[in-house]
Amino acid sequence: MKSVISRLNPAYRKIYERAKPFLRTRKNVIHTQIALRYALKLLEEERGDDKIVIPGILLHDVGWKMVPEPLQLTAFGPNPSNLRLLRVHELEGAKIARNILEDLRYSPKRVKEICDIVRGHDSRKRPISRNDRIVKDSDKLYRHSRKGMSIDPDRFQITKKTYIRFLEGKIDQWLFLPTSRKLARKELARRRKEK
């Protein structure tokens, strides 16, 4: 089975290759690939601009590389204690994204929108566009995937059952698109059946 990255057009693969060194922390290579799969599904169902959404999802977490690894777990998850670091990863991520996209001669108008999305993909409560909704939802849907479910409960030292309940309680709060909420419920139903 071909990887989701190998199925992208060459321009997007170049963005991913430039992003990859920044994704080698917090299991973000895996996270980004799974979030990309959800983004591609959402682009099929919801109106969005793939020239914004795909680079947005490929670059949304590059800023975690600028947060010391021992502190990363304090900034996200069921019980975050240092939300300031969540903002650091967004702000640093927007700078890194801009550098990558400008170096690849991406359209300045698109660079601006992508960086605006990255700059608030976790902390901003209200999406700034349909593209932002797709990026935000794809990022969160990772947690509902089989791989996300194998990583996160261990990462947060909670049971799978507790994590599923946590995610169920966040569906309407976190996810903006009807397709995303439907996907999340379907994925959690699958996770409940798995050993």
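The values are calculated or read from the model by the stated rules, or taken from the named source; none is laboratory data. Model, not experiment: these values are computed from the prediction. Backbone-built Cβ (ideal geometry, glycine too); neighbour counts: all protein chains shown.
Scan segment 100-135 residue by residue and report those that are buried (at least 18 other Cβ atoms within 10 Å of the Cβ), among the basic types (Lys, Arg) and either modelled with pLDDT under 95 or within 23 Å of residue 168 (Cα to Cα) (or both).
133
Does segment 136-146 contain any residue that is hydrophobic (A, V, I, L, M, F, W, C), in a helix (DSSP H, G or I) and crowded, with 18+ Cβ neighbours inside 10 Å?
Yes, segment 136-146 contains at least one residue that is hydrophobic (A, V, I, L, M, F, W, C), in a helix (DSSP H, G or I) and crowded, with 18+ Cβ neighbours inside 10 Å.
If you check every pair at least six apart or on different chains, which have Cβ atoms under 9 Å apart with a residue in segment 167-195 that is without any contact (Cβ under 8 Å) to a residue 24 or more places away in the chain first and a residue that is in a helix (DSSP H, G or I) and among the small types (Gly, Ala, Ser) second?
168/184; 171/180; 171/184
Could you please give the count of residues in segment 1-60 that are farther than 22 Å from residue 96 by Cβ and of a type in the set (Gly, Ala, Ser)?
Residues meeting the conditions: 3.
State whether the residues of segment 162-179 include one that is part of a loop (DSSP other than H, G, I, E, B), modelled with pLDDT of 95 or more and among the aromatic types (Phe, Trp, Tyr).
yes
Please enumerate the residues belonging to segment 147-161 that are in a helix (DSSP H, G or I) and β-branched (Val, Ile, Thr).
Selection gives 151 alone.
Which numbered condition trips up residue 97, out of (1) in a helix (DSSP H, G or I); (2) out of contact with any Gly (no Cβ under 6 Å at 6 or more places or on another chain); (3) at pLDDT 95 or above; (4) surrounded by fewer than 20 Cβ atoms within 10 Å (Cβ to Cβ)?
Evaluating residue 97 over (1) in a helix (DSSP H, G or I); (2) out of contact with any Gly (no Cβ under 6 Å at 6 or more places or on another chain); (3) at pLDDT 95 or above; (4) surrounded by fewer than 20 Cβ atoms within 10 Å (Cβ to Cβ) leaves (4) as the failure.
Determine which member of the set 56, 63, 77 is over 30 Å from residue 159 (Cα atoms) and small (Gly, Ala, Ser).
On the way: 63 fails: over 30 Å from residue 159 (Cα atoms); 77 fails: over 30 Å from residue 159 (Cα atoms).
None of the other options fit; the residue is 56.
How many residues are surrounded by fewer than 17 Cβ atoms within 10 Å (Cβ to Cβ) and either among the aliphatic types (A, V, I, L, M) or in a helix (DSSP H, G or I) (or both) when one looks only at segment 64-87?
7
Of everything in segment 100-131, what is of a type in the set (D, E, K, R) and in a loop (DSSP other than H, G, I, E, B)? Give them in sequence order.
105, 119, 122, 124, 125, 126
Quick one: what pairs do we get from segment 132-155, first residue closer than 12 Å to residue 30 by Cα, second among the polar types (S, T, N, Q) and surrounded by 22 or more Cβ atoms within 10 Å (Cβ to Cβ), C-beta under 9 Å, 6+ apart or different chains?
That search, which allows pairs on different chains as well, returns 142/32.
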